[in-house]
1. For the chain, which trypsin sites (Lys or Arg not before Pro) pass both filters: DSSP loop (anything but H, G, I, E, B) and at most 14 other C-beta atoms within 10 Å?
2. For the range 10-16, take each phi angle, set θ = phi - 60°, evaluate the Karplus expression 6.51 cos²θ - 1.76 cosθ + 1.60, and give the result in whole Hz per residue in order, putting x for glycine and proline.
3. Using alpha carbons only, how many degrees (0 to 90, rounded to 10) separate the axis of helix 53-62 from the longest principal axis of the chain?
4. If each DSSP helix of 4+ residues adds -39,500 (n - 2.57) and the sum is divided by the residues in the chain, what number results at 222 nm, nearest 500 deg cm²/dmol?
5. Between T50 and I3, what is the spin-label point distance in nm, taking each point 7 Å from the Cα along the Cα→C-beta axis?
6. 5 Å is the cut-off here: which amide hydrogens, built 1.01 Å from N in the peptide plane, fall below it relative to I28, excluding neighbours closer than 5 in sequence?
7. Identify, among I73, I56, Q40, the residue whose Cα sits farthest towards the positive end of the charge dipole of the range 20-98, taking +1 on the Cβ of Lys and Arg and -1 on the Cβ of Asp and Glu, with the dipole about the Cα centre.
8. Given (1) -0.77, -1.09, -1.16, -1.36; (2) -0.69, -1.07, -1.17, -1.43; (3) -0.89, -1.25, -1.32, -1.44, which label gives log10 I(q)/I(0) by the Debye sum over Cα atoms at q = 0.17, 0.21, 0.22, 0.25 Å⁻¹ as computed from the coordinates?
Amino acid sequence: LQIAYDVSNAEFVGEDQPDAIRRAGKRIGQFHLSDGTRTQWRHDCIGLGTVRFHEILNAIKDAEISASPILEIISSSPLEDLAASAGALKQHATDYPN
């Protein structure tokens, strides 16, 4: 049994995602990736909220986690927002290599 860790849900409840990721470590089996805020439950395109993706990506790398990433975007234009989110994640990984 593994954890499906949702970074947007964690943001909404005020969890320190990088710390939680490092503590859970390899017990995480998949990451649900979308953006959100601490004031409103959302699963937005990455870049529209306050989730600190560069810190999350570094925590995943530090903990040597090989969990499956899943873009979980709720949108009226899903193809565009999924592509934009994938690009944003790639940019975070490039801008903040650790």
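A short reminder: the numbers here are calculations on the coordinates, not readings from a lab. Keep in mind that what you see is a predicted model, and the values were worked out from it rather than measured. Positions of Cβ are backbone-derived with ideal geometry, glycine not excepted, and every protein chain shown enters the neighbour counts.
1. On the way: sites: R22, R23, K26, R27, R38, R42, R52, K61, K90; in loops: R38, R42, R52.
For trypsin sites (Lys or Arg not before Pro) across the chain that sit outside H, G, I, E and B with at most 14 neighbouring Cβ atoms in 10 Å, the list reads R38.
2. Each residue of the range 10-16 in turn: 5, 4, 4, 8, x, 7, 7 Hz.
3. The angle comes out near 30 degrees.
4. Details: 4 runs with 42 residues, N = 98.
Per the formula, -13000 deg cm²/dmol.
5. 2.2 nm
6. Those qualifying (amide H under 5 Å, at least 5 residues apart or on another chain) are I3.
7. I56
8. (2)
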